[in-house]
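The values are calculated or read from the model by the stated rules, or taken from the named source; none is laboratory data. Nothing here was measured: the structure is a model prediction, and the numbers come from that model. Don't worry about glycine lacking a Cβ; one is built from the backbone with ideal geometry, like all the others, and counts go over all protein chains shown. Accessible surface is based on the protein model in full, side chains and every heavy atom, while ligands, DNA and RNA are left aside. Shrake-Rupley method; radii C 1.70, N 1.55, O 1.52, S 1.80 Å.
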Amino acid sequence: MPTQHDVFNVYKQVVLNIQPGTALLPSFCDRVCAIPAQVANILPKLGKVPQFNTVLIQTPPGAPFPIRVAQVHLIFELPSFIARYPTPLAYVEWFMEFKTSKGPARMYEIQKMRQQGGLHSAEILPISSILWSCRLIPKWEDDMAAAIAPDKIFEKYETFYVNDFLDLHSYINL
């Protein structure tokens, strides 16, 4: 039985070995980060700006879309006396399913997924369900000129575009 004195391993990043889905693409290593903000006397060795990467997650068979976007907030392992998993786990916050954009770029549009009451829809998944990292572009309205700190983008905006032009792997597979 877990107690308040039990600890578990938490990681700042995980490196994924991405295998190509086609002969046109080489395999590559992809780093996914989940780094909280520095907190004096508690987390003094972390960066001053938090970094929580967005990733593409393989959905279960039969889901409307085979891939969904999530933001990774924690990478961890449970103690073996609680449960045994072959890979670390990730606490992720979900985005809605892909929606085709009407804009000239034709990038997929997504929104944060929220539960009733405005809480983020979240889940704990094995790292093995992460396909690779992705980059999101905020859907600016009229406030594009406003200066926003990088760690505040996901707080300020609800709607994003999935940047499938970032690399050849994303372009071919999305």
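Tally the residues that are part of a loop (DSSP other than H, G, I, E, B), within 18 Å of the chain's Cα centre (by Cα) and closer than 25 Å to L166 by Cβ, restricting the search to the stretch 54-86.
The initial filter retains those residues of the stretch 54-86 that are part of a loop (DSSP other than H, G, I, E, B), namely 59-66, 78-86.
Subsequent filtering for residues that are within 18 Å of the chain's Cα centre (by Cα) retains 59-60, 65-66.
Next, from what is left, pick out any that are closer than 25 Å to L166 by Cβ: 59, 65-66.
Qualifying residue count for the region: 3.
Restricting to the stretch 1-55, what's the tally of residues that are of a type in the set (D, E, K, R), open to solvent by less than 100 Å² (accessible area, probe 1.4 Å) and at pLDDT below 85? Quick ask: steps written out before the conclusion?
If we filter the stretch 1-55 for residues that are of a type in the set (D, E, K, R), which is where we start, we get 6, 12, 30-31, 45, 48.
Then drop every residue that is not open to solvent by less than 100 Å² (accessible area, probe 1.4 Å), which leaves 6, 30.
The next check asks that each one be at pLDDT below 85; those that pass are 6.
Result for the stretch 1-55: 1.
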Query raised in the report: In the stretch 76-115, what residues are of a type in the set (F, W, Y) and open to solvent by 60 Å² or more (accessible area, probe 1.4 Å)?
Result: F81, Y85, Y91, Y108
